[in-house]
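What follows is a short report on a single structure.
The values are calculated or read from the model by the stated rules, or taken from the named source; none is laboratory data. Keep in mind that this is a model prediction, so the values were computed, not measured. Heads up, the Cβs are rebuilt from the backbone with ideal geometry, glycines too, and the neighbour counts pull from every protein chain shown. These area figures cover heavy atoms from the full protein model, side chains too; ligands, DNA and RNA do not enter into them. Shrake-Rupley method; radii C 1.70, N 1.55, O 1.52, S 1.80 Å.
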Amino acid sequence: MSRPADRALIFLALAGIAFAGCFVDAARLHATAAGDANGMAALVAQLRLTDLALFTEARYTRHPSQADLHSAFQDHPLAQEHFPTGSLISPPAGLLQATSGVGAGDTAMGEAK
Amino acid sequence: MKLWLAKQRYLIDFTLLALARRKTRNLGLLLVYTVLVFMLASVTLYSHALRQEAARVLAASPEVIVQRMVAGRHDLIPPGYLERIGRIRGVQMREARLWGYYYDAVTKANYTFMVPAENAPAAGEIVVGPALERSRGLAKNNGISFRSYSGKLHTFVIADVLPQASELVSADLVLMSEESFRAFFDYPAGHYTDIALSVANPLEVRNVALKLAAALPDARPILRDEVLRTYASIFDWREGIVLALLSAAILAFGILAWDKASGLSAEEKREIGILKAIGWETGDVIKMKFWEGLLVSLTAFLLGFVAAYVHVFHFAASLFEPVLKGWAVLYPRFQLTPQIDGLQVATLFFFTVVPYAAAVLVPIWKAAITDPDSVMRG
């Protein structure tokens, strides 16, 4: 009968191989998906797309990078944002970095909220 | 060397047998530890892959989008506006875009109607995104009617369906000809939604934006860099939110590990006393505990990470998907391409394995340097 130390080390070695296998599998999947990614990039270039189709419930969440300045509060000036995505979108950069002001280069998303 | 290896094997044997004496407690700790690593690794792997996917795909989006603002709101580009941009140096190509939103009461979802610059469908035909095809049960050559905002019913024939592989960017798209788009939305002739600019020199993009802002004060240039940063910040923020929610679990584990580490049980103290009394050196006791900490934390890290990898890239991160991806009626189905960041894995390893191994060692070292007699007497 093998010793506990040998069994533990064999188990750890197997777990280590599985860990290394994650990296190998990632490289394999990456190579397989390269064609899809290129097709997606080509479609983005062809249609001049700017956003991912992840959050389609409102216009400022469908195209967060293109949203206008007040669309999240369109109902009235003190209206609360009511779409679920909105609550999960980060606040503007200016609020997060109090020392650096919001310049012309700050994201549209930051302005949108 | 051989002697050293043999000694370590005996130490591991002893450690494992000691762990086996408190089987339920130690297995419980290993399970909680593994689940914690699994959760942290799932969130970081998923967020990193999604961030990289967004950056890779959107790297092909237009360098600058110009919107016109009226009273702080996005307005249509009037005739003649496009020509004024053409005079700005550095702009290689300018192209007016036509797109808009349509709310479909049948699926209770918003679609993005768009006129492609090249290969637009013929009038009366549309090309639809895969999520729309699914939600409305459409197929090629089917007809579909939409009631426009003017109340008129417009019928289109599905000329094609966009490839499923591109769903991440095209789930809700409806591509149509300019003629159909203008007729459907009663769009005024010569007006456009916004303008896409291509700038020859990437270093010039910011200058072009500044020149645009000076020449057209009502224009709002949106640079590709800003789009990419927007997505990076969205996923960073979401990752932060999930980690904040998980912080309760991390804290609970911290308390558990601290409790185990800071206060040795009377039984453990007695055990150390006996070991020292029968001739073990302080170094041996510490080595034994070091192996205990390393075996538990390394097993938890490796199992947790592998489970997280399989969960994220082979089971589409089903546990955290709703929070990390968001949700929508028309939700794209996509498989993330794995992107493992070595630094991220190293950070995870450092913050999960090292603190535990260290926390186990400190109290043992304190107990091991005291006199065996006083340790045994407690």
Extending each Cα 7 Å along its Cβ direction at residue A:42 and residue B:59, get the distance between those two points in nm, one decimal. 1.7
Putting +1 on Lys and Arg Cβ atoms and -1 on Asp and Glu Cβ atoms, find which of B:99, B:43, B:67 reaches farthest to the positive end of the dipole of the stretch B:27-100. B:67
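Want the number for residue B:178 to residue B:371: 0.36 nm per residue separation, take away the alpha-carbon distance, what's left?
Taking residue B:178 through residue B:371 to full extension adds about 60.6 nm, to one decimal.
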Let me check I've understood the local charge: for residue A:48, count other residues with C-beta under 15 angstrom from its C-beta, Lys and Arg +1, Asp and Glu -1. What total comes out? -3
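Need the full-extension length gain, residue B:95 to residue B:142, defined as separation in residues times 0.36 nm minus the C-alpha distance. One decimal, nm.
Length gained, residue B:95 through residue B:142: 13.8 nm.
Checking an interface number: how much accessible area is buried between B and A, summed over both chains, with a 1.4 Å probe, in Å² rounded to 100?
Values: alone 20610 and 8730 Å², together 22750 Å².
Chains B and A together bury approximately 6600 Å².
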Quick one: if you stick a label point 7 Å off each Cα along the C-beta vector at residue B:252 and residue B:218, how many nm between them? 5.7
Given a Förster distance of 51 Å, the FRET efficiency implied by the Cβ-Cβ spacing of residue B:154 and residue B:35, rounded to the nearest 0.05, works out to 0.45
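Please report, as a whole percent, how much of the solvent-accessible surface of the protein assembly as shown comes from carbon and sulfur atoms (probe radius 1.4 Å). Numbers along the way, then the final one.
Working: 14510 of 22750 Å².
Using a 1.4 Å probe with all protein chains present, the protein assembly as shown comes out at 64 percent carbon and sulfur.
Averaging over every viewing direction, what projected area does the convex hull of the Cα atoms of the protein assembly as shown cover, in nm²? Mind dumping the intermediate values first?
Values: hull surface 122.7 nm².
Here the figure is 30.7 nm², rounded to one decimal.
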Expressed as a whole number of Å, what is the distance separating the alpha-carbon centroids of the stretch A:20-71 and the stretch B:49-68? 8
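Between residue B:87 and residue B:20, 0.36 nm times their residue separation minus their Cα-Cα distance comes to what?
The residue B:87-residue B:20 span can extend by a further 16.2 nm.
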List, in order, the whole-Hz ³J(HN,Hα) value for each residue of the stretch B:133-150 obtained from phi through the Karplus relation with A = 6.51, B = -1.76, C = 1.60 and θ = phi - 60°; use x for Gly and Pro. 4, 5, 5, 9, x, 8, 8, 4, 6, 6, x, 9, 10, 10, 8, 6, 5, 8
Along principal axes, Cα extents of the stretch B:77-192, largest first, whole Å: 48, 35, 25
Taking Cα atoms, how many degrees apart are the long axis of helix B:266-277 and the longest axis of chain B, rounded to 10 and kept between 0 and 90? 50
Tell me the label-point distance for the pair residue A:34, residue B:7, using the 7 Å Cα-to-Cβ offset, in nm and rounded to one decimal. 5.1
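For the stretch A:1-49, compute Rg over Rh where Rg is the Cα radius of gyration and Rh is the Kirkwood radius from the inverse mean 1/r over Cα pairs. Write out the running numbers ahead of the final one.
On the way: Rg = 20.6 Å, Rh = 13.9 Å.
Expressed as Rg/Rh, it is 1.48.
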Backbone HN-Hα couplings from phi across the stretch B:282-294 [Karplus 6.51/-1.76/1.60, Hz, Gly and Pro as x]: 4, x, 5, 4, 5, 4, 4, 6, 4, 4, 4, x, 5
Size of charge dipole - the protein assembly as shown - debye, nearest 20, with Cβ of Lys, Arg +1 and Asp, Glu -1, no other charges: 1160
